[in-house]
Structure formats: C-alpha cells, structure tokens
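Visitor: So that we are looking at the same thing, I have put the structure below in structure tokens.
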Amino acid sequence: MHHPVSFDSMHAVQDNTLVSQRGAPATRPAVLVQPPIPPPARLIVGVSGASGIIYAVTALNLLRSMNIETHLVVSRAGQLTRSHETDLSREAFEGLASVTYGIGDVGAAVSSGSFATMGMIILPCSMRTLAAIATGLSDSLLTRAADVTLKERRRLVLMVRETPLHLVHLRNMQAATECGAIVFPPVPAFYTHPESLQDVVTHSVARALDLFGIDSQAIPRWGETIGMAPHLGAQV
Ligand SMILES: Cc1cc2nc3c(=O)[nH]c(=O)nc-3n(C[C@H](O)[C@H](O)[C@H](O)COP(=O)(O)O)c2cc1C
C-alpha cells in the first residue's frame, strides 16, 4: 500500500534540519544523526596556526594511550606555531600521530566521507580556519576534512583560540554551530584546583574528547572524584 509522504517529512530527511509544525524551517542548529555504520576507533586531528600547540600534543598523547587511531593534518601556520611554542621538531610532533598527511594532499583518505571516522577535532583552531569552515571553503586538506566531517553529519569540535573576538569571529562561530560543529574554546575550570599549566590543558582536551564519547580518565569529574557528595547538599 502506498503511504503518502508529506513535504515536511521529505524536507526533514533530505537536509537534516528541523522543520516547524507549520512547515517553515526552524532556526535551530542542524540535528546530528547517528552515522549509518559504527565508526572505528579513529579520529581526525587538525592543527591550525592559533596559539596552543600544547593542546594538540596533549590530545595526541591521550589518544595514543587509549589506542585510538589518529589522522593528523597540520596547516602551514600550525607548523610555524609549533616551532615557536615547542621544542618538538616537525618529525617528532607528527610522530605522535598514527598517520600524518600533507596539508596540500586534498586526495588523502580523510578527504573522503567514505573513510569512516568518529569525527574530527581541530585544536587549536585559528580564526582563519574557523572562517574557512563556516563558509564551506575547502582550500586545504585541513578544511576539506572538516567540510567532509560536517557533510557526513559526524562530530566536529573546534577548539577556537583568539581574544578578544570581533563580530565576524562571532558570526563564523554561529554559522559553524548551525552546520553542526561544536565550538569549544579552551576555557579553564578552577574547581579542579589545577596545579600546573598541563593540568589546565589536559582538562580542556579531556572535556573536548568527552564530546566524542572518549573517556580519557585524565581528569577529576564533578560529583564523582570532586565536588559535593549529593547527600550533603550545599553547605555554603
Ligand atoms: C605565534 C603565533 C600565534 C598566533 N596565535 C593566533 C591565535 O591565537 N588565534 C588566531 O586565530 N590566529 C593566530 N595566529 C595567526 C594565524 O597563524 C594566521 O591567521 C594564519 O593565517 C592561520 O592559518 P591557518 O588557519 O591555515 O592555520 C598566530 C600566529 C602566530 C605566528
């Protein structure tokens, strides 16, 4: 028997946006749906030229300790900030990943949606890379892989780093969010009583990995190992 399909339901299936009851597109961000096949333990790690290569080093080390395959793409400016901010050679840095690609290699595995991954994290994410992603500009393997991650409705986490922010930065963050990306500035938490810069960095990276369902067990968690026991209530 033929089941009629309404225009609204077709629209919702085709472009994966929310549709209001009256049929007008809602203004809320696109919904992320489950990928059709379970992803392997494999994450794309992008590094752009914002300050904070230490976030990428920390992520690659944590992911390696969990046997999660990492596919690394570093922009030219990312290589520049690496040389400014760390003692790591290019080879030593790239050696932290399972696989590394050249920034111009737009035919690499991660440039195709058929290459299954858990998604992509870009850390740190510069305002230039954010702008390219927000406008669909796949001008390098880094931005192409991000574009593919969004089109496949996979998780894309952007650890943006700049301050202060002007209106175009904010608009690009909004546009990226509307496309399904998660904008994740590495804002420190102080309730964990960090004792070192590495503690602060690890906390941000571990919270970003949480968004992929990856529990690095590298941080204390509120209500578990830190924070008030629920039965004590607030005693302030
Ligand atoms: C040491 C250093 C620190 C930088 N820090 C930032 C930053 O925190 N945020 C940012 O958006 N750009 C920063 N930049 C500028 C970017 O590297 C520059 O805009 C570059 O074109 C980004 O290119 P990419 O997005 O392809 O990596 C920094 C540059 C240098 C050399």
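Visitor: Output the number of residues of the stretch 164-189 satisfying the condition of being hydrophobic (A, V, I, L, M, F, W, C) and not in a loop (DSSP other than H, G, I, E, B).
Guide: Number of matching residues: 8.
Visitor: Looking at the structure I just gave you, is Leu60 aliphatic (A, V, I, L, M), closer than 22 Å to Val160 by Cβ and away from the ligand (no atom under 16 Å from the Cβ)?
Guide: Numbers: aliphatic (A, V, I, L, M): yes; closer than 22 Å to Val160 by Cβ: yes; away from the ligand (no atom under 16 Å from the Cβ): yes.
In short, yes.
Visitor: Here is a follow-up. Restricting to the stretch 69-94, give me the number of residues that are under 13 Å from Val45 (Cα atoms), more than 16 Å from the ligand (Cβ to nearest atom) and out of contact with any Leu (no Cβ under 6 Å at 6 or more places or on another chain).
Guide: Matching residues across the stretch 69-94 total 2.
Visitor: What's the number of the only condition in (1) part of a loop (DSSP other than H, G, I, E, B); (2) farther than 17 Å from Thr143 by Cα that Arg153 fails to meet?
Guide: Among (1) part of a loop (DSSP other than H, G, I, E, B); (2) farther than 17 Å from Thr143 by Cα, Arg153 violates only (2).
Visitor: Now for a different question. What's the number of the condition Pro29 fails, among (1) outside any helix (DSSP H, G or I); (2) surrounded by 12 or more Cβ atoms within 10 Å (Cβ to Cβ); (3) at pLDDT 95 or above; (4) not basic (Lys, Arg)?
Guide: Here Pro29 meets the rest and fails (3).
Visitor: Within the stretch 161-175, how many residues are among the hydrophobic types (A, V, I, L, M, F, W, C) and within 11 Å of the ligand (Cβ to nearest atom)?
Guide: 1
Visitor: For Met159, all conditions in the list (1) within 20 Å of Thr81 (Cα to Cα); (2) in a loop (DSSP other than H, G, I, E, B) hold save one; what is the number of the exception?
Guide: (2)
Visitor: Condition check: over 17 Å from Val47 (Cα atoms), within 16 Å of the ligand (Cβ to nearest atom), modelled with pLDDT of 95 or more and not charged (D, E, K, R). Does Leu158 satisfy that?
Guide: No.
Visitor: Still on this structure: Kindly establish whether Gly113 is surrounded by fewer than 21 Cβ atoms within 10 Å (Cβ to Cβ), closer than 20 Å to Gly49 by Cα and of a type outside the set (Lys, Arg).
Guide: no
The values are calculated or read from the model by the stated rules, or taken from the named source; none is laboratory data. Note that the structure is predicted; figures quoted are calculated from it, not measured. Virtual Cβ from ideal backbone geometry, glycine too; neighbours counted across all protein chains shown.
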